[in-house]
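In what follows, a structure is listed as structure tokens, so that the remarks can point back to it.
Every read-out reported here was derived from the displayed coordinates using simple, explicitly stated rules and does not represent laboratory data. Computed from a predicted model, the values in this text were never measured in an experiment. In this analysis, Cβ positions are derived from the backbone assuming ideal geometry, glycine residues included, and neighbour counts consider all displayed protein chains.
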Protein chains: 2
Amino acid sequence: MGRPTIADIARQAGVSKGAVSFALNGRPGVSEATRARILRVAEDMNWRPHSAARALGGARADAVGLVIARPARTIGVEPFFGQLLSGLQAVLSASSVALHLMVVEDTAAEIEVYRRWASEHRVDGFIVVDLQVKDPRLPVLDELALPAVVLGGPGKGGGRLRIWADDRAAMLSIVDYLAALGHRRIAHLAGLPHFQHTQRRIRALRDASRRLGLEEAVSVPTDFSDAEGAAATRTLLSRPRRPTAIVYDSDVMAVAGLGVAGEMGVAVPGELSIVSFDDSVLARIVHPPLTALSRDTFALGEQVARSLLEAVEETGPGRDLQMPTPRLTVRESTSPPGAAAPAGPTGG
Amino acid sequence: MGRPTIADIARQAGVSKGAVSFALNGRPGVSEATRARILRVAEDMNWRPHSAARALGGARADAVGLVIARPARTIGVEPFFGQLLSGLQAVLSASSVALHLMVVEDTAAEIEVYRRWASEHRVDGFIVVDLQVKDPRLPVLDELALPAVVLGGPGKGGGRLRIWADDRAAMLSIVDYLAALGHRRIAHLAGLPHFQHTQRRIRALRDASRRLGLEEAVSVPTDFSDAEGAAATRTLLSRPRRPTAIVYDSDVMAVAGLGVAGEMGVAVPGELSIVSFDDSVLARIVHPPLTALSRDTFALGEQVARSLLEAVEETGPGRDLQMPTPRLTVRESTSPPGAAAPAGPTGG
DNA sequence: CTGACTAACTAAACCGGTCTAGCTATGGCA
DNA sequence: TGCCATAGCTAGACCGGTTTAGTTAGTCAG
């Protein structure tokens, strides 16, 4: 005989299928004595629910979906996704909710997967990343009427939850710090320009620059890859009046930039200060270790998972949520411009 | 009305449910004309199969499972898992097979998840990583009688497929290369000692050392973390007769080691050559870029997914498979011992 | 012209649960 | 004593597909 079903248990315990279902799900309809007997039999027969049968009856799928529209190799490269996955897992595993993961080529394919998984009843909700400026995924999610947690800036509403960190405040804190050190020419290697957070960071830099009266503050868009990070750094450092500090939107780019500086004989932090918008082992283990914005991506993942589970179960407030503003962790890749050693201030 | 069902289509097309099922699944039992009509109606109504209903009938779950028993933060740190995931996805997405991912604390929990997912019909097969020396998961997988692809050395059999790269040959190629450069004292920062590949690498180093008559070849077990990588490197470099070359089992540790060398004023590669057993962006973007074993983990993931799908569909040979032996990519972190510059050989 | 055979299709069982309507026995209360 | 409420349980419909057994009509050979 294959796997035992509730019919088997019912026969064994001398009750009906319905009674078994009541007993196993802890709902009224059976006496405590009968319930105990049924549970014992189920235990003895090593019974497990058949998830498909449950789902067919309209119950939860006990799974949530995460679809990432980036080149497949990206998640292997970006520590961000790994960290996020880890955080998600920490919470989801505890609730025995599985994660359906899929990496697709573009946003159109992503939307198609949302449609399919929703109509196939495969998942109870979605996690949406890489929020775009006019995001075509949001109307689809509204239409599908499944809970979704969107990672990205505060939005005008819709049925979805949003969780975000204050990119603007974060960028301002970086610029304030660099300006306080004496930097007047700051460059910014930004991410993909159609992402909302990219735009917010660019705007924040421009505003801060104006307020502080900086000599120069330029944002260069990239695709987040180490290759573009290196190339853009090389271009910036080749200019006659090169920036004295560069802010990188990802740590992969920052480390690539550090490598380029080394190659070109530009001392870090003596002649060039480097700040990464993303902190991970990467930023810690290179030499010199990078000053970086410590966003706790793991905690972010945990929070996203928690919020999504609450939305699925319709418990909890279901309110948008702002993560704590990331704090700048100062390491050895920043110093006053023109300083010979990390600690000794020279110019103003 | 909610999502359309095949009953709706049947009514609309004026046929029975069965006919619709035949038509939609491309099996005989309906004329071409009727099939075309049914397909049109299904298209018009935007019908999608309900995965739970399908699974209930005993069909595929169209999902495979990957359970990783490591601290949740690990997958965010190890580029290996990200790469593997990417490769898996590339193939799985193409076949519209989802990946059920779960990160658990230990092997016992991992086994429990296998049992649950199998009995709940959640997945059609498993991907097993981190093969251990006497692996308690293998008998369980045999018992569950689901296809599984095991990532790790050639084994004595069982019903599962195995895919592995030749760690031994890889380690030998590294040692041969270092010995040819003139190194006589080589250290090896190994991974977790109960993993099969760790043991194979340690043995290979010992054998090669004996064959080549090296002065010293020591393997130090670690937990793969950057912290232990750094600590062990510091210990090794503090010894009176320190190694002239260190082989690291992961690139995270290698980069951490590189940082320690920098701190301690040990020139790389002048006074210390560094080789990483794992190649990723990480190895490329640090300075100097690391000589590393280029295992194409992405391709490995693709192959694993392909093999698993074949096993699930019972097509294909179902034979164990050896991946191409990884090749050493020589970059700038290795040179003859005592050389001042990367290129100039000095001693012998 | 008839019987055998097959293509095309229908009706209904089935997968393993959930859930509702209904039945029975019991106890409480007037 | 009679009536009703209720706890405890059963029977069976139901979810949305797949699959099998059975029916009908048409083709072909003899």
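Report summary: the helix-based calculation at 222 nm, which adds -39500 (n - 2.57) for every DSSP H run with n ≥ 4 and divides by the residues of the protein assembly as shown, gives -13500 deg cm²/dmol.
The C-alpha atoms of chain B define a longest principal axis, and helix B:251-263 lies at about 30 degrees to it.
Please report the equivalent ellipsoid semi-axes of segment B:183-328, computed as sqrt(5 x eigenvalue) of the Cα gyration tensor, largest first, in whole Å. The partial results should precede the final answer.
Numbers: eigenvalues 206, 60, 34 Å².
They are 32, 17, 13 Å, listed largest first.
Measuring between their Cα centroids, segment B:86-106 and segment B:1-26 lie 31 Å from each other.
To the nearest ten degrees, helix A:196-212 and the longest principal axis of the Cα atoms of chain A are 30 degrees apart. Between the amide H of A:SER273 and those of A:ALA245, A:ILE246, distances stay under 5 Å, these residues lying 5 or more places away or on another chain, with hydrogens modeled in the peptide plane. When you work out D = kT/(6 pi eta Rh) for segment B:217-276 at 4 °C and 1.567 mPa s, using the Kirkwood radius from C-alpha pairs as Rh and the Stokes-Einstein form, the result is 116 µm²/s.
Average 1/r across all pairs of distinct alpha carbons in segment A:151-249, invert it, and you get the Kirkwood radius: 14.3 Å. Since only A:ALA94, A:SER119, A:VAL129 are under comparison, the one whose Cα sits farthest along the positive direction of the charge dipole of segment A:45-162, derived from C-beta charges on Lys, Arg, Asp and Glu, is A:ALA94. Largest GNM mean-square fluctuation across A:ALA208, A:ALA170, A:ALA52, computed for chain A with C-alpha springs under 10 Å, falls on A:ALA52. Rounded to the nearest Hz, the phi-derived 3J(HN,Hα) couplings of segment A:146-151 under the Karplus curve 6.51 cos²θ - 1.76 cosθ + 1.60 (θ = phi - 60°) are 10, x, 8, 10, 9, 8, where x marks glycine and proline.
Could you calculate the FRET efficiency of B:SER95 with B:ARG327 from 1/(1 + (r/R0)^6), where r is the beta carbon distance between them and R0 is 30 Å, rounded to 0.05?
Details: r = 30 Å, r/R0 = 0.99.
The formula returns an efficiency of 0.50 here.
If you wrap the Cα atoms of segment B:1-42 in a convex hull and average its projected area over all directions, you get 2.6 nm².
Ordering A:HIS50, B:HIS197, A:HIS194 from the fewest to the most neighbouring beta carbons within 10 Å gives A:HIS194, A:HIS50, B:HIS197.
Amide H contacts under 5 Å for A:SER294: A:ARG327, A:LEU328, A:THR329, restricted to partners 5 or more places along the chain or on a different chain, H placed in the peptide plane at 1.01 Å from N.
For the peptide A:256-269, the mean number of other protein chain Cβ atoms found within 10 angstrom of a residue's Cβ is 2. A straight chain from A:ASP223 to A:GLU32 at 0.36 nm per residue would run longer than the Cα-Cα distance by 62.6 nm.
How do A:217-223, B:129-135 rank on mean C-beta neighbours within 10 Å, highest first? Before the final figure, lay out each step's value.
Details: A:217-223: 19.6, B:129-135: 15.9.
In descending order of packing, they fall as A:217-223, B:129-135.
Just to confirm the filter: which GluC sites (Glu not before Pro) across segment A:81-139 are DSSP coil and have at most 16 other Cβ within 10 angstrom of their Cβ?
Details: sites: A:GLU105, A:GLU110, A:GLU112, A:GLU120; in loops: A:GLU105, A:GLU120.
Qualifying residues, ordered by number: A:GLU105.
Placing a pseudo-label 7 Å from each Cα along the Cα-to-Cβ vector at B:ALA299 and B:MET45 gives an inter-label distance of 4.8 nm. For segment B:79-162, relative contact order (Cα pairs under 8 Å, six or more residues apart, normalised by length) works out to 21 percent.
Restricting segment A:228-336 to GluC sites (Glu not before Pro) that sit in a DSSP loop and have at most 10 other Cβ atoms within 10 Å of their own Cβ leaves A:GLU314. I'd like the distance between the alpha-carbon centres of segment A:159-195 and segment B:257-292, rounded to an integer number of Å. Cα centroid of segment A:159-195 versus Cα centroid of segment B:257-292: 31 Å apart. Put a plus charge on the Cβ of each Lys and Arg, a minus charge on the Cβ of each Asp and Glu, and nothing anywhere else: the dipole of the protein assembly as shown about its Cα centre is then about 640 debye. The C-alpha atoms of chain A define a longest principal axis, and helix A:297-313 lies at about 30 degrees to it.
Evaluating 6.51 cos²θ - 1.76 cosθ + 1.60 at θ = phi - 60° for every residue in segment A:112-126, the Karplus couplings come out as 4, 5, 4, 4, 5, 4, 5, 6, 8, 6, 7, 9, 9, x, 10 Hz, glycine and proline recorded as x. Peptide B:118-127 has a mean shielding of 4, counted as Cβ atoms of other protein chains within 10 Å of each residue's Cβ. DSSP beta bridges confined to chain A are antiparallel in about 10 percent of cases. Projecting the Cα atoms of B:VAL149, A:ALA179, A:LEU39 onto the charge dipole of the protein assembly as shown, computed from C-beta unit charges around the Cα centre, puts A:LEU39 farthest toward the positive end. Across the copies of the chain, A:GLY58 has label points (7 Å from Cα along Cα→Cβ) spaced 2.9 nm apart, shortest distance listed first.
Put the Cα centre of segment A:52-69 next to the Cα centre of segment B:126-140 and the gap is 28 Å. Computed from the Cα positions only, the extents of the protein assembly as shown along the three principal axes stand at 82, 68, 59 Å, in decreasing order.
Note on B:HIS188, B:HIS183: ascending count of other Cβ atoms within 10 Å places them as B:HIS183, B:HIS188, the fewest first. Using every pair of alpha-carbon atoms in segment B:45-156, split the distances into 10 Å bins beginning at 0 and state the percent of pairs per bin, rounded to integers. Histogramming segment B:45-156 at 10 Å steps yields 12, 43, 34, 9, 2, 0 percent.
For A:GLN322, the label point sits 7 Å beyond Cα toward Cβ; its separations from the matching points on the remaining copies run 6.0 nm, from shortest to longest. Label-point distances for A:VAL266 to the equivalent site in the other copies, using a point 7 angstrom along Cα→C-beta, read 3.1 nm when ranked shortest first. Of the trypsin sites (Lys or Arg not before Pro) found in segment A:46-128, the ones in coil according to DSSP and having at most 16 other Cβ atoms within 10 Å of their Cβ are A:ARG60. Karplus-derived 3J(HN,Hα) values for segment A:24-38, using 6.51 cos²θ - 1.76 cosθ + 1.60 with θ = phi - 60°, are 5, 9, x, 10, x, x, 9, 6, 4, 4, 4, 4, 4, 4, 4 Hz; glycine and proline are entered as x. Extent along the principal axes, Cα only, for chain A: 88, 37, 33 Å, with the longest axis given first.
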